[in-house]
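Following: one structure in structure tokens, then a few remarks.
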Amino acid sequence: MGVPVAKGRVSIIVERCKSCGFCVEFCPTKVLALSSAFNSKGYHPPHVVEPEKCSGCDLCGMYCPDFAIYATKIAPPKEAARES
Amino acid sequence: MNDFINSVENPVERFLRTDRMPHIWCPGCGIGTTVNCFARALIESKIDLQSLALVSGIGCTGRVAGYVKLDSFHTTHGRAIPFATGLKLANPKLNVVVYSGDGDLSAIGGNHLIHAARRNIDLKVICVNNLIYAMTGGQTAPTTPGHAITSTAPYGSYEPAFNLPHLVEAAGAVYVARWTTFHVRQLARSIAEVFQKKGFGFIEVISPCPTLYQRRNRLGDGLDTMKYYKEKSKVRHGAPTNEVGLTMTGEIIVGKFVDRDRPDYQTLMRTQLSESLGERFVESAEMVCS
């Protein structure tokens with residue numbers, strides 16, 4: 001068993017995004033990429049390309065000028081099993 | 001920061017008037033990032049939101065007062081600090097934050113800035129410096145660095161620019177820091193720290209203005225500017241503020257420059273008045289209408 005790696009999940013509020021690309025550029029584990037799809041204002045919101053890499057550090061959430069993205073930590077499965 | 005780890009909604013949502021989103025700031029503008037850091041600093045410092053008031057002036061950054069779900073006031077141009085001074089004097093228990101831009105604080109409100117720092121009034125000033133008058137169309141501001149092209153300087157600006165940390169330190173601020181929108185964690189920590197200080201705290205945040213400043217000067221978009229901040233900024237805590245002036249493409253010195261203690265305005269007022277009036281002096285906090 002190796003050291004447990006923190007896991008996280010990214011949530012994106014697509015309609016608020018203005019595709020500045022800050023989250024994509026500064027994600028430490030490169031989880032995100034700008035998608036080719038449009039939102040209703042004509043911007044390209046980011047989408048998650050490598051979900052298993054997300055550590056839930058929420059740096060994308062801190063950089064986002066539009067409050068459109070945030071990451072949450074997921075409890076490791078072992079602990080979750082113990083809790084339940 | 002553990003409070004929101006298992007939350008299902010954006011942790012900053014409760015600090016925002018979400019019915020007014022999306023906001024008016026351009027794609028790539030850094031003001032939203034600074035608001036984000038401010039909200040996270042509020043979470044971190046666990047400050048009582050009922051004892052917090054936010055005052056802003058006119059300009060792009062002036063819009064912050066309308067987007068935060070706090071007691072806030074959007075004042076006339078340059079008068080954020082005078083309004084905040086009155087607010088603080090009338091209700092000394094309030095934490096008053098002035099959130100405004102470089103044009104509002106250092107140009108039309110420049111006199112108020114230096115005198116608030118001289119008096120050491122207990123205000124927390126967050127100055128978002130985008131190096132230009134952004135909302136009115138990109139005119140030369142007192143902080144525009146030399147050679148930059150603006151709508152009023154089409155052949156390049158030749159005025160020497162204000163070095164805001166140096167200005168407020170010389171005037172007497174007790175806490176002076178500068179960060180860029182790239183330094184989100186440091187900025188949030190700095191804002192949380194300034195709430196612990198008594199006296200005039202000043203945090204300058206260098207922010208991109210992709211629509212007017214970066215576009216006219218061919219410096220790319222907001223993301224390119226963030227990469228430039230990442231590459232060219234150097235953290236030097238305690239750096240002498242006369243050495244931290246900004247240039248158009250040069251190094252940006254960031255960090256906490258000044259952290260000192262001086263008696264604040266209300267302490268000085270209380271000392272002087274109780275000395276000369278004796279028992280006739282009534283504590284202003286007792287007269288406050290709540």
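The table that follows gives values for the structure above.
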quantity: Condition check for residue B:40: more than 9 Å from chain A (Cβ to nearest Cβ) and touching a residue at least 12 places away in the same chain (Cβ under 8 Å); calculated: no
quantity: Within region B:117-139, considering residues that are in contact with a Gly (Cβ under 6 Å, 6 or more places away or on another chain) and assigned to a helix (DSSP H, G or I), the one farthest from residue B:96 (Cα to Cα); calculated: B:118
quantity: Total residues in region A:34-55, condition within 14 Å of chain B (Cβ to nearest Cβ) and either more than 18 Å from residue B:224 (Cβ to Cβ) or more than 15 Å from the chain's Cα centre (by Cα) (or both); calculated: 10
quantity: So residue B:223, is it assigned to a helix (DSSP H, G or I) and either within 13 Å of chain A (Cβ to nearest Cβ) or modelled with pLDDT of 90 or more (or both); calculated: yes
quantity: Criterion violated by residue B:106 - all others in (1) touching a Gly at 6+ places or on another chain (Cβ under 6 Å); (2) in a helix (DSSP H, G or I); (3) of a type in the set (Ser, Thr, Tyr) satisfied; calculated: (1)
quantity: All positions within region B:108-133 that are more than 30 Å from residue B:283 (Cα to Cα), surrounded by fewer than 20 Cβ atoms within 10 Å (Cβ to Cβ) and hydrophobic (A, V, I, L, M, F, W, C); calculated: B:108
quantity: Scope region B:147-184; condition among the charged types (D, E, K, R) and touching a residue at least 24 places away in the same chain (Cβ under 8 Å); matching residues; calculated: B:169, B:178
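Let's see how each residue does on (1) closer than 16 Å to residue B:130 by Cβ; (2) part of a loop (DSSP other than H, G, I, E, B); (3) touching a strand residue (DSSP E or B) at 6+ places or on another chain (Cβ under 8 Å):
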site	(1), (2), (3)
B:28	yes, yes, no
B:35	yes, no, yes
B:40	no, no, no
B:63	yes, no, yes
B:72	no, no, yes
B:82	no, no, no
B:88	no, no, yes
B:97	no, no, yes
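The values are calculated or read from the model by the stated rules, or taken from the named source; none is laboratory data. All values derive from a computational prediction rather than experimental measurement. Neighbour counts are summed over all protein chains in view; Cβ atoms, including those assigned to glycine, are modelled from backbone coordinates with ideal geometry.
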